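What follows is a single structure, written as structure tokens, with notes after it.
The values are calculated or read from the model by the stated rules, or taken from the named source; none is laboratory data. Bear in mind that the values here come from a model prediction, so they are computed numbers and not experimental data. Ideal geometry is used to build each Cβ from the backbone, glycine not excepted, and the neighbour counts take in all protein chains shown.
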Amino acid sequence: LHLRVFIDRSVLEVFANNRQCITQRIYPVRSDSVGVVLFSCGGATDIKSFEAWQMGPSLF
């Protein structure tokens, strides 16, 4: 399974295997809501790579 996850303020987008996409609006209200947690249910998970970077402002 190959996941690409994008988080931009209140929008979360998850792309699976470059075919399926789930988009969700999120509204973190706590001031310490600045991290990402990875977990699995029902078994172990092997994460082969993980990259994170700051997104720049949109150019309108």
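Taken together, the criteria exclude residue 33 from residues that are part of a loop (DSSP other than H, G, I, E, B), at pLDDT 85 or above and not basic (Lys, Arg). Within the range 2-9, at least one residue is basic (Lys, Arg), modelled with pLDDT of 80 or more and within 13 Å of the chain's Cα centre (by Cα).
How many residues, within the range 16-39, are closer than 21 Å to residue 58 by Cα and in contact with a strand residue (DSSP E or B) (Cβ under 8 Å, 6 or more places away or on another chain)? Matching residues across the range 16-39 total 4.
Pick from the range 17-53 the residues that are aromatic (Phe, Trp, Tyr) and touching a residue at least 12 places away in the same chain (Cβ under 8 Å): which of them is nearest to residue 4 (Cα to Cα)? Let's see the steps before the verdict.
First, pick out the residues of the range 17-53 that are aromatic (Phe, Trp, Tyr): 27, 39, 50, 53.
Checking which are touching a residue at least 12 places away in the same chain (Cβ under 8 Å) leaves us with 27, 50.
Details: 27: 20, 50: 10 Å.
Taking the candidates together, the pick is 50.
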